[in-house]
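The values are calculated or read from the model by the stated rules, or taken from the named source; none is laboratory data. Since the structure is predicted, the reported quantities are computational estimates derived from the model, not experimental observations. Note: ideal-geometry Cβ built from the backbone for every residue, glycine included; neighbour counts use all protein chains shown.
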Ligand code: AMP
């Protein structure tokens, strides 16, 4: 158990990001909410001046003890949106927790996100006397059992470990006053939805529930309906603006040339911190080995790494000792590191929204960044989905050898809407004389090449009336197409 103490400074956005965030959201002040003084003092020390939109919308409602359903992504300030009202509640309603119970439970899909949430509580609650602890997998249970022995105010947990603790009678959920479900759509993606239902069944019905999700597919909307009582709905629309803050580029490559081209990209760019995404865990390890051969130090983070290894690698990445981190989507989820200058998609994701999540890693808290994606012949269908989702043609260069083909054609709609990215591909020197896709003239027809097998496309489900995420994503249907690899990547 850790008594809330002064937090690490990792979650503090850098100065330019903070200023950008405040300029973007000149809404009100934290003093307007009537939060307890020790909390506003901590916020001032964190240099938070202006609340973000999700904070403006959520904090007053949550302070009134009403249930909230929030459509918001990581990077919007949603952690403070639910953490500050909770801290205020504990300050105004002090109570010694019963043995083996917690007063507030925060469920999050990944270990990394869970520890980052706890860090935030440490930061915002540094002047309060509260007990908070973590219950995550990948580490021995004994310490967590001991931490819960005398009861805690706050427990941040991943579902699997929480169920283990309840099953072994180390924890009773009967005293939970506030439940937060964070990144509910990721819980669904990762197969946690049954665990969530089992946990909720053990909670008192008299409680406050704060439910956050970046998107609202049908199953999540149903879950919310069962879990929440007369919730207030709040929503913010970060992905589009996130996408706009990122300079995006595509490099068409031969699959076999990806390791060399990745090394070229990392050497050719001015990189503060680069996050490289691969589809599989083994792919991540292979990329690290390939980069080592090219003289570039990189570390991998994925589900096969122990918790200790992950934490060491993340700490080195945060400090800048490791400039290149190679990650799978699941492992990268919840990595909250400000100052990632580049995201490189070594493999393009087969779910378009994953692309938006990935590139959003470089535009945190209003900062800008560069996202470079290597696209081989098997991935062009994924690229088409992505461009349809973001409604823009991403400037492309071609580094394929053999008979060059024009970079794939865009729909007129996408081409007309691609204003933002126009002209941004120039000057990075990645490929000689290549032009952005939308400015390329059709070339002479090349001799027919053997057709590459294209990935199967699945039918897209109907949109559900409860589906609120139109406000967030331009094409949610893509979300529901499941990336089967994800579950196994943890
Ligand atoms: P989150 O979406 O909760 O992961 O927050 C994203 C980043 O924004 C974190 O680095 C927070 O420390 C930072 N942040 C959250 N709220 C504010 C705020 N009102 N002003 C400045 N930075 C903030």
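Of all residues in the stretch 135-172, those being surrounded by 20 or more Cβ atoms within 10 Å (Cβ to Cβ), within 28 Å of the chain's Cα centre (by Cα) and in contact (Cβ under 8 Å) with a residue 60 or more places away in the chain number 4. In the stretch 303-333, of all residues being buried (at least 23 other Cβ atoms within 10 Å of the Cβ) and part of a loop (DSSP other than H, G, I, E, B), the one that is farthest from the chain's Cα centre (by Cα) corresponds to 328.
Scanning the stretch 163-186 for residues that are touching a strand residue (DSSP E or B) at 6+ places or on another chain (Cβ under 7 Å) and not in a loop (DSSP other than H, G, I, E, B) yields 165, 172, 178, 179, 180, 181, 184, 185. The set of residues in the stretch 89-110 that are crowded, with 23+ Cβ neighbours inside 10 Å and in a helix (DSSP H, G or I) contains only 90. Please state which one of 191, 160 is assigned to a helix (DSSP H, G or I) and either within 19 Å of residue 112 (Cα to Cα) or modelled with pLDDT of 95 or more (or both). Among 191, 160, only 160 is assigned to a helix (DSSP H, G or I) and either within 19 Å of residue 112 (Cα to Cα) or modelled with pLDDT of 95 or more (or both).
Within the stretch 113-125, the residues that satisfy the criterion of being touching a helix residue (DSSP H, G or I) at 6+ places or on another chain (Cβ under 7 Å) and within 12 Å of the ligand (Cβ to nearest atom) are 117, 120, 121, 123, 124.
Does residue 147 satisfy the condition of being in a loop (DSSP other than H, G, I, E, B) and either at pLDDT 95 or above or not assigned by TED's automatic domain parsing to the domain that holds residue 212 (or both)? Considered against the rule, which asks whether it is in a loop (DSSP other than H, G, I, E, B) and either at pLDDT 95 or above or not assigned by TED's automatic domain parsing to the domain that holds residue 212 (or both), residue 147 comes out as no.
When residue 66 is tested against (1) in a loop (DSSP other than H, G, I, E, B); (2) under 27 Å from the mean Cα position of the chain (by Cα); (3) within 14 Å of the ligand (Cβ to nearest atom), only condition (3) is not met. Does residue 81 meet the test of being modelled with pLDDT of 95 or more, within 16 Å of the ligand (Cβ to nearest atom) and not in a loop (DSSP other than H, G, I, E, B)? It is true that residue 81 is modelled with pLDDT of 95 or more, within 16 Å of the ligand (Cβ to nearest atom) and not in a loop (DSSP other than H, G, I, E, B).
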